[in-house]
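Structure, as structure tokens:
The values are calculated or read from the model by the stated rules, or taken from the named source; none is laboratory data. Only a predicted model underlies this, so the values are computations on that prediction, with no experimental measurement involved. Methodologically, a virtual Cβ is constructed for each residue, glycine included, from the backbone with ideal geometry; neighbour enumeration extends over all protein chains shown. Note: accessible area is taken over every heavy atom of the protein model, side chains too, but ligands, DNA and RNA are not part of it. Shrake-Rupley method; radii C 1.70, N 1.55, O 1.52, S 1.80 Å.
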Amino acid sequence: MQAAMALWRTKGFADTTVTDICKAAGVSKALFYVYFSRREDVLLEVEVFTMRDAHLAAEGVVSGDYTLTDVIAAVVGTLEQRARQYPPELIFETVLETYRIERRALAEGATQADIAYLFLEPFRRAHRDGRIPAEVDVVRAARIAQMLVADGIRCWAAAGFDDPALAETLAAEIGAMLAAAHVSA
């Protein structure tokens, strides 16, 4: 993974092959394929977007008095902090690969709840705590929020990570979406 990251930083993702990664790591292609099916699998293993850390941040927020915007900002802020460590091209590739994974999962019978991994648990907690109105479909809200975050991070990376308030901006937008869902319900 370290060899792949070093190559991706210098050569770019598109111009780095599995052969390049194996040479840089000093391993055979056969060994590479024992652990990974494709180079994109290495990208996902690197955890450019670390869901575990995002969920831990959300858990930390909901352990006290909180607002839904606080929870969303904690999740997005964690992803933002992690993403700043990588070149924008890797952010784009990661976003695209997560969409591919979701498409394959749905084709194999996964449900919307199965692929709403970024916000589902924090939104379920907020729903139980009355921070999200009872009539809001939490799974659908989590999926929409996840898509907004993916697109927001993609645009943010394309702009060279210039917006210092990404977490707050996305949290406000997602909160407004949930508030509008409550009003129209």
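Worth a mention:
- Rounded if a/c under 1.5, otherwise prolate or oblate - segment 1-90, Cα gyration tensor axes: prolate
- Å² of accessible area per residue within segment 67-138, as computed with a 1.4 Å probe and no ligands counted: 49
- For the peptides 162-174, 118-130, 30-42, residues were scored by their other Cβ atoms within 10 Å and the scores averaged per peptide; the highest-first order is 118-130, 162-174, 30-42.
- Whole-percent carbon and sulfur share, accessible surface of segment 90-185, 1.4 Å: 58
- Highest-fluctuation residue, Gly175, Gly109, Gly60 considered, GNM on the chain with Cα pairs under 10 Å: Gly109
- For peptides 9-20, 146-157, sequence by mean Cβ density within 10 Å, most packed first: 146-157, 9-20
- The helix-based estimate of mean residue ellipticity at 222 nm for the chain, built from -39,500 (n - 2.57) per DSSP H run of four or more residues and divided by its residue count, is -22000 deg cm²/dmol to the nearest 500.
- The modelled label-to-label distance between Ala179 and Val27, using points 7 Å beyond Cα along the C-beta direction, is 4.9 nm.
- Compactness of the chain, taken as the C-alpha radius of gyration over 2.2 N^0.38 Å, stands at 1.13.
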